[in-house]
Amino acid sequence: MKSIRTKLKLNNKQKTLMAQHAGYSRWCYNWGLSLWNAADKDGYQP
């Protein structure tokens, strides 16, 4: 497998937006995980 590594050259506004998107993604993941754990606790089998 081959991969290419690149470095983004972001200005301050772009850095802020990227940080906000990362925070939102983390929130969505944690929300979904809490739903999954609640369903598992209730005995739901996917």
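Each reported figure results from applying straightforward, stated rules to the coordinates on display, with no laboratory input. Remember, it's a predicted structure, so these values are computed and weren't measured experimentally. Every residue, glycine as well, gets a Cβ built from its backbone with ideal geometry; the counts of neighbours run over all protein chains shown.
So the values come out like this:
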{"item": "Computed Kirkwood radius, in angstrom, where 1/r is averaged over Cα pairs of the chain", "result": "13.7 Å"}
{"item": "Rounded to 10°, Cα long-axis angle of helix 12-41 versus longest principal axis of the chain", "result": "10 degrees"}
{"item": "The range 17-46: chymotrypsin sites (Phe, Trp or Tyr not before Pro) in DSSP coil with no more than 10 other Cβ atoms inside 10 Å", "result": "Tyr44"}
{"item": "Pair Gln45, Lys15: separation of 7 Å Cα→Cβ label points (nm)", "result": "5.2 nm"}
{"item": "Per DSSP, loop trypsin sites (Lys or Arg not before Pro) in the range 8-38 with at most 15 further Cβ within 10 Å", "result": "Lys9"}
